[in-house]
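None of the figures in this text is laboratory data; all of them are computed from the coordinates on show. The structure presented is a predicted model; accordingly, all values stated were derived computationally and were not measured. Ideal geometry is used to build each Cβ from the backbone, glycine not excepted, and the neighbour counts take in all protein chains shown.
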Amino acid sequence: MRLSPRDRVALFIGGGALIFYIIIGFGLYPLLDSNKRLRNGIEKRQKAAIEMRAMQERVRRLSDRSSGLEQQLALRSKNFSLFSFLEQKATKNGVKKNIAYMKPTQQKSDEQFTHLQVEMKLQSIGLKQLVNYLEAIESPQNIVALKRVFIQENTKNTQRLDVTIQVISVERVNNGGTSS
């Protein structure tokens with residue numbers, strides 16, 4: 001069977017188109033797709049590297065803060081007690097008679113440090129006494145800070161206040177327990 005020149009041209013064009021599509025479909029697209037996957041992989045690894053650097057910086061800052069905390073704890077009195085500290089400041093500032101209760105709690109935060117907390121209720125206290133007491137108990141050198149202060153008017157005397165205070169501190173954890 002002989003093909004006419006017109007059929008040969010059509011067959012040649014069809015065969016060329018088929019070869020073109022095979023080259024593009026099995027050669028060029030997979031090559032471009034793998035190139036795109038490689039770029040995406042590089043971008044993901046770059047983002048991961050940036051995140052790792054940020055985490056390294058955070059770990060370094062936490063380590064520095066931990067060393068600073070260790071130094072502060074070393075400077076603090078060896079027999080420091082948050083409960084006793086608050087009582088001493090209450091006596092010194094004339095508010096001990098206003099203490100309704102003091103509840104110490106201990107919350108372990110990690111392997112190195114324990115957060116200590118004391119909640120105390122002061123009843124029928126004057127504003128000036130309260131301010132003086134709050135200034136006295138907030139002690140960065142002893143690592144003592146106010147966590148919460150809840151103030152309400154005293155029900156019997158509107159010139160006086162009822163106050164609930166949460167005070168926190170930190171102490172080092174030893175293998176056998178806690179120590180400051």
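With runs of 4+ DSSP H residues as the only contributors, calculate the mean residue ellipticity of the chain at 222 nm using -39,500 (n - 2.57) per run, divided by the residue total and rounded to the nearest 500.
Mean residue ellipticity, 222 nm, calculated: -17000 deg cm²/dmol.
Compute the long axis of helix 29-75 from its Cα atoms, compare it with the longest principal axis of the Cα atoms of the chain, and write down the angle in degrees, 0 to 90, nearest 10.
The answer is roughly 10 degrees.
Taking the 0 to 90 degree range and rounding to the nearest ten, how far is the long axis of helix 127-137 tilted relative to the main principal axis of the chain, both from C-alpha atoms?
The helix 127-137 is inclined about 70 degrees to the chain.
Just in segment 1-32: which trypsin sites (Lys or Arg not before Pro) are loop by DSSP and have at most 13 other Cβ atoms within 10 Å?
Here the sparse-neighbourhood loop sites are 2.
Specify the angular offset, from 0 to 90 degrees and rounded to the nearest 10, of the alpha carbon long axis of helix 5-23 from the longest principal axis of the alpha carbons in the chain.
Between helix and principal axis, roughly 20 degrees.
Using the Cα centre of the chain as the reference point, and only Cβ charges (+1 on K/R, -1 on D/E), how large is the resulting charge dipole? Debye, rounded to the nearest 20.
I would put it at about 360 debye.
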